[in-house]
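The values are calculated or read from the model by the stated rules, or taken from the named source; none is laboratory data. Remember, predicted model here, so these are calculated numbers, not experimental data. FYI the Cβ positions are ideal-geometry reconstructions off the backbone, even for glycines, and counts take in every protein chain you see. To get the accessible areas, we keep the full protein, side chains included, count just its heavy atoms, and leave off ligands, DNA and RNA. Shrake-Rupley method; radii C 1.70, N 1.55, O 1.52, S 1.80 Å.
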Amino acid sequence: MASVHESLYFNPMLTNGVVHANVFGVRDWVTPHKMALLVLLSELGRAGAQLGLLERRRLNRLLLPLLQGPDMALSRLRKAIEECCPHLAGSVHIRLKLMAEGELKDMEQFFDDLSDSFSGTEPEVHKTSVVGLFLRHMILAYNKLSFSQVYKLYTALQQYFQKDEKKNGADENEMELTNPEELDGKMEKEELDGPLREEEIACSGPLSQKQAEYFLSQQASLLKNDETKALAPASLQKELNNLLKFNPDFAEAHYLSYLNSLRVQDVFSSTHSLLHYFDRLILTGAESKSNGDEGYGRSLRYAALNLAALHCRFGHYQQAELALQEAIRIAQESNDHVCLQHCLSWLYILEQKIFDSCVLLEHSVNKSLHFGLPYLASLGIQSLVQQRAFAGKAANKLMDALKDSDLLHWKHSLSELIDISIAQKTAIWRLYGRSTMALQQAQTLLSMNSLEAVNVGVQQNNTESFAVVLCHLAELHAEQGYFAAASEILKHLKERFPPNSQHAQLWMLFDQKIQFERAMNDGRYHVADSLVAGITALNSIEGVYRKAIVLKAQNQMSEAHKLLQKLLIHCQKIKNTEMVISVLLSIAELYWRSSCHTIALPVLLQALALAREYSLQYLASETVLNLAFSQLILGIPEQALNILHMAIEPILAHGAVLDKGCAMFLVAKCQVASAASYTPQKKIEALESAILNLNEAKTYFAKVDCKEQLRDVLYFQARLFHTLGKTQERNKCAMLFRQLHQELPAHGVPLINAFK
């Protein structure tokens, strides 16, 4: 293998008209594109004071990405210069034309003149500046070329210029044949493409080492912070394959290929690239140079650890456990405490899939703090908070723990973990039913999108934390009846996280759920049923639950009951308490509709006990409303009114609009039922109060376009107005009821036997 590497090192190659050497030994070489940049720098030095301050500033901002980025076509380069300084673009074009259409000695003279930029007491370019280093590298690379290589470079320059001339000629002919409107559209499209979007530039030949490093670091940063601005998975893989073709031992390229494969959930390619990355680290000796004799072992243990993380991500828990055991064994042999702490964190994640245990996590947090690993310690604290939230711990204790982790974040400038912490707070407040607090936390995170600027002007705002918060925000708006605002948020999510991105499943699920709720509110059960398949594909538990809701709405009681019983057993097994309570409430409603009111009471009491045990205040309030409805059906409306006062305040403060309407409708029903034993005067006051509550309920139902509930409210109001002798109001309600009744025919369920 050594002889092969030596042959690649000493023999320059010619590919696609570009003289280059292998990346193993040569850091830079001369290409026609770089010659065009040299001409630009030369003309920039000649222009001197003739350039205005604004033009010079634009050119300086343009130079750095041009010097670091991959080669591009002359037309793109010229267009980029024209946007900054049209006069200079013309001078560069003329100078290149004279060189390309002249003789070889003109190119020789050009490189001889470049050295004059460093001469004099006040040189045009300082030797140690970015531009000075680039000029010196190019001069040195040119001087090392043999005569045949110089001739090949000159031929490549001619081809580079002639290709641009042919393209300009074709564009001019097309402009003559194209009407002005189409031409304007084409120009607008070209402007939108933007000459400075380097991620769109295809590499026609091999990159130098500097260009390759810049390209890889840029794409890795974009994949982490703003995936939409990175190259598409197929295009990026093509560029990486091109890099690896000229340097198969480029370890960083293999790692970026691993990250790219993760985007498309390609388990085979990601595993292949990850193993190659660590193999190349050992092959090139990069690890052993920086870590002494421990470099080889360090690569092995971190390779095993990364492989365990990869298998865990794809759900291969048995393979992940085997790889993790291997990483732990090697780390213990090397006495690597940092690696062992990472292994301990992943061990907790794997064991969490089998049983809940806080012991490993608490031990991991303590050890991470002891060894000075704030990032790992903070992640451990947040995982501990999440687990205890599901275990029903008090919200104030959880927020205190998150406050301690926030101190770590700000102390060590861990901005990414600050975002995660705020998103976690949003989710916890949602879990506990405090929508106002969740909304406040979501707005806090969204206002922090400029917290940390990363490479190429990308803000760290396309992470999973922002996806979670925006999804919660869309759902909160939909619950309050602001469907247009929710649609705008989802539209923004789709633009920020395209369907092929790794966090797209979050907004896909929320989008399907919002559409489902709207279809159910509108009585379009066939539409809701068609959405169940999409929800099930993204979240099987949510999909089964919503299938049962559709069956219940279609009066298929036995099928709905079977489905809910299976779902209840499964959720109890995996300890999904929130879903267990929701399923119990749906089962209780099935018993009401089947006139088994007494059987529903134990089910509701079980749900209430769970909700209070796990501090799920909103679900507890909703359960109390269901209990009040059961008492109303059983003929004790006074007791129902008493317990309603305990539950209605959280519903009105933090509840969805539909729940608010149902609560006010239930209050009105209880008031009417209680008024039967009142004196005539007191009865009239109770009925008028019920009408006011019905008006409020009607407003809530209209906001979410819940036509079935509106129809029931109008029917109830018409009966009350008839009792009070208000004929005009009765007739108005009766007319509106008839219109809705014709639009939504009844399913044969008595009005009193439905809470929602």
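Matching residues to (1) more than 13 Å from Asn626 (Cβ to Cβ); (2) open to solvent by 30 Å² or more (accessible area, probe 1.4 Å); (3) among the hydrophobic types (A, V, I, L, M, F, W, C); (4) modelled with pLDDT of 95 or more:
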{"position": "Lys552", "(1), (2), (3), (4)": "yes, no, no, no"}
{"position": "His561", "(1), (2), (3), (4)": "yes, yes, no, no"}
{"position": "Cys571", "(1), (2), (3), (4)": "yes, no, yes, no"}
{"position": "Ile574", "(1), (2), (3), (4)": "yes, yes, yes, no"}
{"position": "Trp592", "(1), (2), (3), (4)": "no, no, yes, no"}
{"position": "Ser595", "(1), (2), (3), (4)": "yes, yes, no, no"}
{"position": "Leu605", "(1), (2), (3), (4)": "no, yes, yes, no"}
{"position": "Leu608", "(1), (2), (3), (4)": "no, no, yes, no"}
{"position": "Arg612", "(1), (2), (3), (4)": "yes, yes, no, no"}
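When the residues of the range 620-634 are filtered to those that are out of contact with any Gly (no Cβ under 9 Å at 6 or more places or on another chain) and of a type in the set (Ser, Thr, Tyr), the one that is modelled with the lowest pLDDT is Ser630. Identify the residue in the range 246-303 that is of a type in the set (D, E, K, R) and more than 24 Å from Leu236 (Cβ to Cβ) and, among all such residues, is modelled with the highest pLDDT. By that ranking, first place goes to Arg301.
For (1) crowded, with 19+ Cβ neighbours inside 10 Å; (2) without any contact (Cβ under 8 Å) to a residue 24 or more places away in the chain, each residue gets a yes or a no:
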{"residue": "His33", "(1), (2)": "yes, no"}
{"residue": "Leu40", "(1), (2)": "yes, no"}
{"residue": "Gly52", "(1), (2)": "no, yes"}
{"residue": "Arg58", "(1), (2)": "no, no"}
{"residue": "Asp71", "(1), (2)": "yes, no"}
{"residue": "Lys79", "(1), (2)": "no, no"}
{"residue": "Glu82", "(1), (2)": "no, yes"}
{"residue": "Leu96", "(1), (2)": "yes, no"}
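Note on the range 60-69: among residues that are modelled with pLDDT of 80 or more and surrounded by 19 or more Cβ atoms within 10 Å (Cβ to Cβ), the one that is farthest from Ser115 (Cα to Cα) is Leu62. Of the helices (runs of 4 or more DSSP H) that lie entirely inside the range 546-632, those containing 1 or more residues that are of a type in the set (Phe, Trp, Tyr) span 577-593.
Would you confirm whether or not the range 431-440 contains a residue that is modelled with pLDDT of 85 or more, under 22 Å from Asn225 (Cβ atoms) and among the polar types (S, T, N, Q)? Checked the range 431-440: no residue is modelled with pLDDT of 85 or more, under 22 Å from Asn225 (Cβ atoms) and among the polar types (S, T, N, Q).
Restricting to the range 259-276, name every residue that is closer than 23 Å to Lys494 by Cβ and in a helix (DSSP H, G or I). Those that are closer than 23 Å to Lys494 by Cβ and in a helix (DSSP H, G or I): Leu259, Asn260, Leu262, Arg263. Within the bounds of the range 654-672, is there any residue that is farther than 22 Å from Ala620 by Cα and not charged (D, E, K, R)? For the range 654-672, residues farther than 22 Å from Ala620 by Cα and not charged (D, E, K, R): present. When Met735, Met664 are checked against the criterion of being open to solvent by 60 Å² or more (accessible area, probe 1.4 Å) and either modelled with pLDDT of 90 or more or in a helix (DSSP H, G or I) (or both), Met735 stands alone in meeting it.
Ile599 satisfies every condition listed in (1) within 24 Å of Ile428 (Cα to Cα); (2) of a type outside the set (Ser, Thr, Tyr); (3) open to solvent by 40 Å² or more (accessible area, probe 1.4 Å) except (1). When the range 207-258 is filtered for residues that are farther than 18 Å from Met72 by Cα, acidic (Asp, Glu) and in a helix (DSSP H, G or I), the ones remaining, listed by number, are Glu227, Glu252. The set of residues in the range 691-741 that are touching a residue at least 60 places away in the same chain (Cβ under 8 Å) and of a type in the set (Val, Ile, Thr) contains only Val704.
Take Ser405 and tell me if it is without any contact (Cβ under 8 Å) to a residue 40 or more places away in the chain and on the phi > 0 side of the Ramachandran plot. Against the criterion (without any contact (Cβ under 8 Å) to a residue 40 or more places away in the chain and on the phi > 0 side of the Ramachandran plot), Ser405 does not qualify. Considering the range 320-364, and only residues there that are polar (S, T, N, Q) and at pLDDT below 80, the residue that is nearest to the chain's Cα centre (by Cα) turns out to be Gln352. Tallying residues that are within 16 Å of Tyr255 (Cβ to Cβ) and open to solvent by 10 Å² or more (accessible area, probe 1.4 Å) within the range 219-229 yields 4. Just for the range 305-353: of the residues that are in contact with a Cys (Cβ under 9 Å, 6 or more places away or on another chain) and of a type in the set (Val, Ile, Thr), which one is most open to solvent (accessible area, probe 1.4 Å)? For the range 305-353, the residue satisfying everything is Ile349.
Residues that are of a type outside the set (A, V, I, L, M, F, W, C) and farther than 15 Å from Ala690 by Cα were ranked within the range 705-724; the one that is most open to solvent (accessible area, probe 1.4 Å) is Asp705. When Leu398 is tested against (1) aliphatic (A, V, I, L, M); (2) closer than 20 Å to Glu578 by Cα; (3) loosely packed, with under 14 Cβ neighbours inside 10 Å, only condition (3) is not met. For the range 532-550, the candidate set comprises residues that are open to solvent by less than 20 Å² (accessible area, probe 1.4 Å) and among the aliphatic types (A, V, I, L, M); within that set, the residue that is farthest from Tyr591 (Cα to Cα) is Ile535. Name the residues in the range 405-424 that are in contact with a Ser or Thr (Cβ under 9 Å, 6 or more places away or on another chain), modelled with pLDDT under 85 and either open to solvent by 40 Å² or more (accessible area, probe 1.4 Å) or more than 10 Å from Ser378 (Cβ to Cβ) (or both), would you? The answer is His412, Glu416. If I filter the range 636-656 for residues that are touching a residue at least 40 places away in the same chain (Cβ under 8 Å), in contact with a Lys or Arg (Cβ under 7 Å, 6 or more places away or on another chain), open to solvent by 10 Å² or more (accessible area, probe 1.4 Å) and not aliphatic (A, V, I, L, M), do I get at least one hit? So far as the range 636-656 goes, yes, one or more of its residues are touching a residue at least 40 places away in the same chain (Cβ under 8 Å), in contact with a Lys or Arg (Cβ under 7 Å, 6 or more places away or on another chain), open to solvent by 10 Å² or more (accessible area, probe 1.4 Å) and not aliphatic (A, V, I, L, M). Being surrounded by fewer than 18 Cβ atoms within 10 Å (Cβ to Cβ) and modelled with pLDDT of 80 or more is not true of Ser119.
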